[in-house]
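Here's the structure we're looking at; comments come further down.
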Amino acid sequence: MKKIAYLVLALVACLSARAEDGKIANPMLWADLPDPDIICVDGYFYLVSTTMHLMPGAPIMRSRDLANWETVSYVYDKLTDSPKYDLREGTVYGRGQWATSLKYHNGQFYVLFAPNEQGSMGDTYIYTTKDPTTSWTLVSRLPHFHDASLFFDDDGRVYVNYGTGEMCELKPDLSGIVEGSRMKIFQREEDEKGLLEGSRMVKHNGKYYLLMISHVYAPGRHRREVCYRADDIHGPYEKKVILEADFGGFPYVGQGTIVDSKDGDWYGVIFQDRGAVGRVLTLMPCRWIDGWPMLGDEEGKIPPYMRRIVSGVPDQPLVVSDGFDHPDMDIHWQWNHNPVDGAWSLKERTGFLRLKTSRVVDNLYLAPNTLTQRMEGPQCTASVKLDLSRLKDGDCTGFAAFNGHSGVLTVSKEGRKLFLSMTQQVVDLSNREKAVEKVEVKEQERVALRQSQIWLRIDADFRKGSDMATFHYSLDGKEWTQIGTPYKMQFDYRRLFMGTKFALFCYATKRLGGYVDFDCFEYKRLDE
């Protein structure tokens, strides 16, 4: 029965900003999916985005209709270049995997990404697979390429575009850089002195097109997408602004790419910053005008709706409820940093997720095995049921709207007593190592518990001007009581640099040996 209930919730949740008379409502995905790259292979669109410190990382999603996106794999389970990925000797909050490039060539899928790190931690990864719904194999490690685009030319030569107009050629087996091939393919113009990054290279009708996001810091100028075009990949290049538009009362859209369908129609997929929910994806026409890929409608604006290119595709939720009825973790979940594999289980108690304490830490931001899913706009709600009977003195467990600024529901064991608190928590991180220097905790409300079961709920509102979360608890799963004060969620690039996530956690502050069992995670997206 529990499984049936969650299937019903999932179906309800996915009837979201997808369909109105067979159309796709923008944003195409109202959730955190920054730095997209997208390709079309055999009638499927494949999408990759940035997930930084979350593991497994580099999610691969696919769709037939550009409305329903199924997560089919992750490129890697863990990154192991440094103990920082394990929340030791620092962290990788806001670092890790960035701006992955996704390509298809001669029957193989490829991804390339470089962690935003210094030294060998920032070395570039290249992975490949024949089937992106299965596992990926590491091909090589190369020097750091910032926000890079892998590109296979028609003559078999392979290039990487990166940084601000930089390019190099790779050896045919992708094992290294061709000696002497590094070059600057264009010089920025005077009006391009702001940040210029997010390279995406495509070829169309024999011409080369390099798309980039441009941040212009000048009165009356905004974030925009620009395109550099050339007849030869080495240049010379000419430039054109192909999109400069806000949308929905939120800031101007930014980084992304273009893709053609199997029918030859072209589309733009560009992210937009939408506050605490993160960077959402907008979908728009791409019209070839005078040999330029102009984005947006005829007025250069983001359309509120786009038609589905295929009808009859089943609705596919991006965030899902979970009854924890399966022996393997559902693909929609991601851990905060590398998990401690022996400290969680879906098998030790059937129908429950068990999170065990594995390290004594001072705060949530250093807690191993915090499990996350995205939040979605315009509004969403999620609840969890916990069995607290095996917590030990000093243990903390609960449910959070997790980010650099977090709203947190924590059940703490103090001696033999249990307490529930709602707190506001803000982390300070060092600039270089991203070490946790301080966590400011403000308790809003605290109640004593006299039972070992509790339900916790977070409601999130990401409509324009809101970004508010409210927190609730229940002693029977039916009657709910609000606790604490509504919390203003935030997106902060200096801290975690991603959208707010639902987070399940359990950590020890005194001694190991305790654990919590989560009986369910119930999720629903709420449309306006």
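The values are calculated or read from the model by the stated rules, or taken from the named source; none is laboratory data. Keep in mind it's a predicted model, so treat the numbers as computed, not measured. Cβ sites come from the backbone with ideal geometry, for glycine too, and all protein chains shown count toward neighbours. Remember, those area values only see protein heavy atoms, side chains included, never the ligands or the DNA or RNA. Shrake-Rupley method; radii C 1.70, N 1.55, O 1.52, S 1.80 Å.
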task: Taking the residues in region 1-48 that are at pLDDT 50 or above and either of a type in the set (Phe, Trp, Tyr) or over 21 Å from residue 258 (Cα atoms) (or both) as candidates, determine which candidate is surrounded by the fewest Cβ atoms within 10 Å (Cβ to Cβ).
output: 21
- request: Could you tell me whether residue 423 is closer than 24 Å to residue 82 by Cβ, part of a strand (DSSP E or B) and open to solvent by less than 30 Å² (accessible area, probe 1.4 Å)?
  value: no
- request: State all residues of region 214-238 that are open to solvent by 10 Å² or more (accessible area, probe 1.4 Å) and within 21 Å of residue 37 (Cβ to Cβ); if no residue qualifies, say none.
  value: 215, 223, 229, 237
task: State which residue pairs qualify: first residue over 15 Å from residue 492 (Cα atoms) and inside region 425-437, second residue among the hydroxyl-bearing types (Ser, Thr, Tyr) and modelled with pLDDT of 95 or more in any location, beta carbons under 7 Å apart, and separation of 6 or more residues or different chains.
output: 435/91; 436/91; 436/365; 437/430
statement: Considering residues that are touching a Pro at 6+ places or on another chain (Cβ under 8 Å) and assigned to a strand (DSSP E or B), the number found within region 54-69 is 3
task: Just one of (1) over 22 Å from the mean Cα position of the chain (by Cα); (2) open to solvent by 50 Å² or more (accessible area, probe 1.4 Å) trips up residue 80, so point out which.
output: (1)
- request: Quick one: in region 168-182, of everything that is touching a Phe, Trp or Tyr at 6+ places or on another chain (Cβ under 9 Å) and under 18 Å from residue 110 (Cα atoms), which residue is most open to solvent (accessible area, probe 1.4 Å)?
  value: 169
- line: With the first residue restricted to region 274-292 and required to be farther than 15 Å from residue 302 by Cα, and the second required to be open to solvent by less than 10 Å² (accessible area, probe 1.4 Å) and part of a strand (DSSP E or B), Cβ contacts under 7 Å at 6 or more apart or on different chains are 279/271; 279/272; 292/227; 292/242
- prompt: With 112, 138 as the choices, which residue is under 20 Å from residue 52 (Cα atoms), aliphatic (A, V, I, L, M) and open to solvent by 30 Å² or more (accessible area, probe 1.4 Å)?
  reply: 138
query: Looking at region 278-337, which of the residues that are open to solvent by 20 Å² or more (accessible area, probe 1.4 Å), within 21 Å of the chain's Cα centre (by Cα) and of a type in the set (Asp, Glu) is nearest to residue 374 (Cα to Cα)?
result: 330
statement: Considering region 464-505, residues that are aliphatic (A, V, I, L, M) and in contact with an Asp or Glu (Cβ under 6 Å, 6 or more places away or on another chain), and then whichever is farthest from residue 384 (Cα to Cα), we arrive at 498
- prompt: Which of (1) open to solvent by less than 10 Å² (accessible area, probe 1.4 Å); (2) without any contact (Cβ under 8 Å) to a residue 40 or more places away in the chain does residue 350 not meet, given it meets every other one?
  reply: (1)
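Being open to solvent by 70 Å² or more (accessible area, probe 1.4 Å), more than 22 Å from the chain's Cα centre (by Cα) and at pLDDT 95 or above, is that true of even one residue in region 486-507?
No: zero hits.
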task: Determine whether residue 85 is modelled with pLDDT of 95 or more and either part of a strand (DSSP E or B) or more than 30 Å from residue 304 (Cα to Cα) (or both).
output: yes
Conditions (1) surrounded by fewer than 22 Cβ atoms within 10 Å (Cβ to Cβ); (2) of a type outside the set (Phe, Trp, Tyr); (3) assigned to a strand (DSSP E or B); number of the one not met by residue 386: (1)
